[in-house]
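Report on one structure; see the data block that follows.
Where a number appears in this text, it was derived from the coordinates with a stated rule and is not lab data. Computed from a prediction, not measured in an experiment: that's the story for all the values here. Here Cβ is always computed from backbone atoms with ideal geometry, including for glycine, and neighbour counts include all displayed protein chains.
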Amino acid sequence: MHRPLFLLNRFPVSLMLAVGIWLAALPTVTLAQEYIPPQRGLPGRREGGGTRGDCLSSSQRLTALMPDTNFGKTIAEYPTFFWYIPDVQPEAAEFVLLDENDNELYRTRFQVTGASGVISLSLPENAGMPPLEVGKDYHWYFSLVCDDVDRSGDPYTEGWIQRVEPEAALLSRLETASLRDRPTIYASAGIWHDALTSLAELRRANPQNASFMRGWRTLLDSVELAKVADQPFVPCCEQVSSQPVSSNLGISP
C-alpha cells in the first residue's frame with residue numbers, strides 16, 4: 001500500500017522541525033564553545049621540552065593551555081593561567097610575569113604534585129602586586145626547574161596576556177547570563193582566559209557533569225589542544241620558601 005504523496009512530502013519537514021526543537025532545547029555549553037581568536041599573534045612557546053637535564057619521565061610535553069597565537073585576552077584584574085603538567089619530578093615550578101618593557105613584576109616558585117594533569121595559577125590580589133592595566137601587554141614564562149644550577153635544560157612555556165575593557169554589549173550579556181552560559185560568551189568575544197577559567201570553575205564544582213566536560217573538550221579542540229582535553233585537574237600549588245634565582249634561565253625574555 002502506498003502512502004499519499006502529501007504525507008511523504010510532509011514527513012521530512014516534521015522530522016526537521018522536531019530535530020530543530022530538540023537542538024534548541026540543549027544547553028548552550030554543549031552546542032557552542034568554540035573560541036574566536038583576535039587577529040593577533042606574538043612570539044611564544046606553547047609546548048616545553050628541555051634540551052638537556054630534562055626531568056620529564058614521560059613523552060608528553062609541558063603544555064600551556066592557550067591559543068597557538070601565544071596571546072590571550074582577559075577582563076580580569078588578576079587572571080588565571082592553566083598548564084598541562086606531564087609526569088614530572090622537578091625541583092620546583094616557576095612563573096614569571098614581565099611588563100611590555102621586560103621589567104619583572106611578579107615571580108613565584110611552588111611545588112607540583114608529580115601527578116600528570118592540568119594545574120592553574122592565579123595572579124595574587126594580596127601580594128602587593130597592582131592589577132593588570134587595561135590595554136598593556138604582559139609577557140609571562142612558566143618553567144619546570146630541573147636543575148637549579150643550570151637552568152638551560154628546563155622545559156618552559158611562554159606567552160602574552162592583555163587585559164581589555166569589555167564593551168557595554170558584552171557586560172550586558174554577562175550580567176544576565178547564567179554561570180553555564182558565560183564560557184560561551186567569553187569565547188565568542190575572544191576573551192580566552194576568562195572563557196577557560198569560567199569553564200574550569202564549572203567543571204570543578206560539577207565534576208560529574210557531562211555537558212561541562214564536553215564544553216571543555218570543544219573549547220580546547222578549537223585551539224588544537226584536544227590531546228590534553230581529557231586530562232584531570234590536579235592540585236596546585238604548594239608555595240616554597242624564597243630563594244635566589246639563577247640568572248641562567250636558558251630563555252631570552
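Please give the length that would be gained between Leu171 and Ala226 if that part of the chain were fully extended, namely 0.36 nm times their separation in residues minus their C-alpha to C-alpha distance (nm, one decimal).
16.8 nm
If r is the Cβ-Cβ distance from Thr113 to Glu34 and R0 is 25 Å, what FRET efficiency results, to the nearest 0.05?
Taking R0 as 25 Å, the efficiency between Thr113 and Glu34 is 0.20.
Using the basic label-point model (7 angstrom from Cα toward the beta carbon), what is the Ala76 to Ser178 distance in nanometres?
2.3 nm
Please list the equivalent ellipsoid semi-axes of the range 163-237, computed as the square roots of five times the alpha-carbon gyration tensor eigenvalues, in descending order and whole angstrom.
Equivalent ellipsoid of the range 163-237: 22, 14, 12 Å, largest first.
If you filter the range 154-190 for GluC sites (Glu not before Pro), then keep DSSP loop positions with at most 11 other Cβ within 10 Å, what is left?
Passing sites in the range 154-190 are Glu167.
What does the extension gain come out to for Phe233 and Arg217, with contour length at 0.36 nm per residue minus their alpha carbon separation?
Here the answer is 4.4 nm.
For labels at Tyr106 and Ala205 in the simple 7 Å Cα→Cβ model, what's the distance in nm?
2.2 nm
Positive end of the charge dipole of the range 74-144 (Lys, Arg +1 and Asp, Glu -1 on Cβ, about the Cα centre): tell me which of Leu123, Phe95, Val112 has its Cα farthest that way.
It is Val112, whose Cα lies furthest towards the positive end.
Taking only the C-alpha atoms, wrap a convex hull around the range 96-142 and report its volume per residue in Å³ as a whole number.
99 Å³
Within 10 Å of each candidate Cβ there may be at most 14 other Cβ atoms; applying that plus a DSSP loop requirement, which chymotrypsin sites (Phe, Trp or Tyr not before Pro) in the range 93-126 survive?
In loop regions of the range 93-126 (DSSP not H, G, I, E or B), there are no sparsely surrounded chymotrypsin sites (Phe, Trp or Tyr not before Pro).
Give me the base-10 log of I(q)/I(0) for the range 120-167 at each q in 0.27, 0.29, 0.33 Å⁻¹, Debye formula, one uniform scatterer per Cα, rounded to two decimals.
Values returned for q = 0.27, 0.29, 0.33 Å⁻¹ are -1.05, -1.10, -1.18.
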